[in-house]
Amino acid sequence: MTSRIDLTFDCTDARLLAEFWKTALGYIDEPPPAPFKTRAEWFAQFDLPEDDSVDDAAWLCDPDGVGPRLSILKVPEPKAAKNRLHIDVRVPVHGSPEERWARIRAESERLVEAGGSVLAEFDGHHIMMADPEGNEFCVAAVSA
């Protein structure tokens, strides 16, 4: 059996980042683990400091069960350096190189509207972007 992976983002605003990545990837809020009915109920079982809140974290999953789970956790320190690991958002494309590039650009524009920013364009290949908290990711194509 192979292992599964989760990806974890440290952040200052878990709700903001969760909404961005749900928009970017089509993910949904992951249901709480059984037997809990809500994340708040699940969170209450831990002996955490009073100022810790369930709103300081988010758990997202691929509704099709294919992609890795995302954990988004509030931390006190700010982002300090370039990511050593990043996500590639791969958009399905078939057609000419021009159609491929147009699809990549359209996806990056959609993600800018969702709160991301363009850092650099590698014409015809991919666009380097950042989420609302500065975590780098790329938008590229995959043959459909």
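The values are calculated or read from the model by the stated rules, or taken from the named source; none is laboratory data. Just so it is clear, the structure is predicted and the values come from calculations on it, not from any experiment. Every residue, glycine as well, gets a Cβ built from its backbone with ideal geometry; the counts of neighbours run over all protein chains shown.
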Whether any residue in the range 19-26 is of a type in the set (Lys, Arg) and assigned by TED's automatic domain parsing to the domain that holds Glu136 is what I want to check.
no
Restricting the range 105-126 to residues that are more than 16 Å from the chain's Cα centre (by Cα) and outside any loop (DSSP other than H, G, I, E, B), the one nearest to Thr23 (Cα to Cα) turns out to be Glu109
Identify, by number, the condition in (1) assigned to a loop (DSSP other than H, G, I, E, B); (2) within 24 Å of Gly134 (Cα to Cα) that Pro33 doesn't meet.
(2)
Mind counting the residues in the range 54-85 that are touching a strand residue (DSSP E or B) at 6+ places or on another chain (Cβ under 9 Å) and surrounded by 13 or more Cβ atoms within 10 Å (Cβ to Cβ)?
18
Somewhere in the range 73-96, is a residue within 22 Å of Glu133 (Cβ to Cβ) and in contact with a Gly (Cβ under 6 Å, 6 or more places away or on another chain)?
yes
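Quick grid of which residues meet (1) in contact with a helix residue (DSSP H, G or I) (Cβ under 8 Å, 6 or more places away or on another chain); (2) closer than 10 Å to Ala141 by Cβ; (3) outside the structural domain of Thr23 (by TED's automatic domain parsing); (4) at pLDDT below 95:
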site: Ala80; (1), (2), (3), (4): no, no, yes, yes
site: Val93; (1), (2), (3), (4): yes, yes, yes, yes
site: Ser96; (1), (2), (3), (4): no, no, yes, yes
site: Ala106; (1), (2), (3), (4): no, no, yes, no
site: Glu109; (1), (2), (3), (4): no, no, yes, no
site: Ala114; (1), (2), (3), (4): yes, no, yes, no
site: Val118; (1), (2), (3), (4): yes, no, yes, no
site: Asp123; (1), (2), (3), (4): yes, no, yes, yes
Kindly evaluate Pro32 against the criterion of being surrounded by 10 or more Cβ atoms within 10 Å (Cβ to Cβ), touching a Phe, Trp or Tyr at 6+ places or on another chain (Cβ under 6 Å) and not small (Gly, Ala, Ser).
yes
Answer yes or no as to whether Arg39 is over 26 Å from Ala141 (Cα atoms), surrounded by 15 or more Cβ atoms within 10 Å (Cβ to Cβ), of a type in the set (Lys, Arg) and not assigned by TED's automatic domain parsing to the domain that holds Pro132.
yes
What about Ala140, is it in contact with a Leu (Cβ under 8 Å, 6 or more places away or on another chain), surrounded by 16 or more Cβ atoms within 10 Å (Cβ to Cβ), part of a strand (DSSP E or B) and on the phi < 0 side of the Ramachandran plot?
no
Mind listing just one residue for me: the one in the range 86-104 that is free of Cβ contacts under 8 Å to residues at least 40 places away in the same chain and exposed (fewer than 15 other Cβ atoms within 10 Å of the Cβ) and, of those, nearest to the chain's Cα centre (by Cα)?
Ala102
Please go through (1) closer than 25 Å to Asp10 by Cβ; (2) in contact (Cβ under 8 Å) with a residue 40 or more places away in the chain; (3) crowded, with 16+ Cβ neighbours inside 10 Å for Ala114 and return the number of the only condition it doesn't satisfy.
(3)
